[in-house]
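The values are calculated or read from the model by the stated rules, or taken from the named source; none is laboratory data. Because the structure is predicted, anything quoted here is derived from the model rather than measured. FYI the Cβ positions are ideal-geometry reconstructions off the backbone, even for glycines, and counts take in every protein chain you see.
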Amino acid sequence: MVRFINSLREIGVRFAIDDFGSAYSNFTYLLKLKPDFLKIDGSLIKDIDKNKESVAIVKAINSFAQDLNIQTIAEFIHSKEVYDKAHAIGVDCFQGYYIGKPTPQIEAIYV
């Protein structure tokens, strides 16, 4: 799989790991696959404004990703408070209803 991914990288394809921090995802995948983006699982983000354990985990994931030059994406950004906390941690990109609700039209939304 790593050879396949590397061959696609040569033609400009970029890769993301989705739902990082849930189920079977782990840091070893980051070392082997070297993704361009890492989407932090919504279960870790949704209560980040109230749960200090979630903050600690997201900080660790974000710091590790930054050290490997991987951009982070926080999913489940549903309120200003959650956005502000993820932004303060240093997450690069955001996804969720606070940013924009799903739509059939593709639009660029900047916060």
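Quick notes on this structure:
- The requirement of being in a helix (DSSP H, G or I), under 23 Å from P102 (Cβ atoms) and modelled with pLDDT of 95 or more is fulfilled somewhere in region 45-66, by at least one residue.
- Any hit, region 88-102, residues being of a type in the set (K, R) and either closer than 30 Å to E10 by Cα or part of a loop (DSSP other than H, G, I, E, B) (or both): yes
- Any hit, region 74-85, residues being hydroxyl-bearing (S, T, Y), out of contact with any helix residue (DSSP H, G or I) (no Cβ under 7 Å at 6 or more places or on another chain), at negative phi and in a helix (DSSP H, G or I): yes
- Any pair with Cβ under 7 angstrom, 6 or more apart, that starts in region 58-74 at a residue that is in contact (Cβ under 8 Å) with a residue 24 or more places away in the chain and ends at one that is of a type in the set (K, R): I73/K39
- Criterion: surrounded by fewer than 16 Cβ atoms within 10 Å (Cβ to Cβ), more than 12 Å from V91 (Cα to Cα), acidic (D, E) and at pLDDT below 95 - qualifying residue of D18, D41: D18
- Residue within region 45-57 that is over 16 Å from V91 (Cβ atoms) and either in contact with a helix residue (DSSP H, G or I) (Cβ under 7 Å, 6 or more places away or on another chain) or among the polar types (S, T, N, Q) (or both) present: no
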